[in-house]
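Heads up, the thing below is written out as structure tokens.
Bear in mind that the values in this text are calculations on the coordinates, not laboratory data. In this text the structure is predicted, and so the values were computed from the model without any measurement. Positions of Cβ are generated from backbone atoms using ideal geometry, with glycine treated the same way; all protein chains shown enter the neighbour counts.
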Amino acid sequence: MKYFSLKAIAVIFTAMLMNSHLALAASTNSKANLFVVQDSRFAVAEHDALLSKVVIDQLQTDDKLMGYIQVSNRNGAISISGKVDSVSMIFRIFEITKDLPGVEKVDVSQLDT
């Protein structure tokens, strides 16, 4: 019987989780340029989940955005992390998100190119 270290199991689980998120995102975005998922590591209030969905929907409708990002929200403070193709996309994501109703603050400091 083969034994795996805890770190190896965590890496495998993370890869599986990301693949399931990618499949879900690809199914909701026909162009598949931008994969956007909601951060589900922590329990969130219903109003936070709804606002996150609005943010995700808005970002997915933009044809110029490309990459893989994760959206989390707590009381209107939106945090977006992940990887996009250029710095201009980070600015575009910020501009799209900041003007949405219910958004109090936008943090894109965890976005990378």
Which value in nm describes the separation of the simple spin-label points at Ser86 and Thr61, placed 7 Å from the Cα toward the beta carbon? 2.3
For segment 89-101, what does the Karplus curve 6.51 cos²θ - 1.76 cosθ + 1.60, with θ = phi - 60°, yield as ³J(HN,Hα) per residue in whole Hz, taken in order and with x for Gly and Pro? 5, 4, 5, 5, 4, 4, 4, 5, 6, 5, 8, 6, x
Amide proton proximity set for Asp107, modelled H, under 5 Å, gap of 5+: Ile78, Ser79, Ile80
In sequence order, what are the phi-derived ³J(HN,Hα) couplings for segment 71-77 according to the Karplus relation 6.51 cos²θ - 1.76 cosθ + 1.60 with θ = phi - 60°, rounded to whole Hz, with x for glycine and proline? 10, 10, 8, 9, 6, x, 8
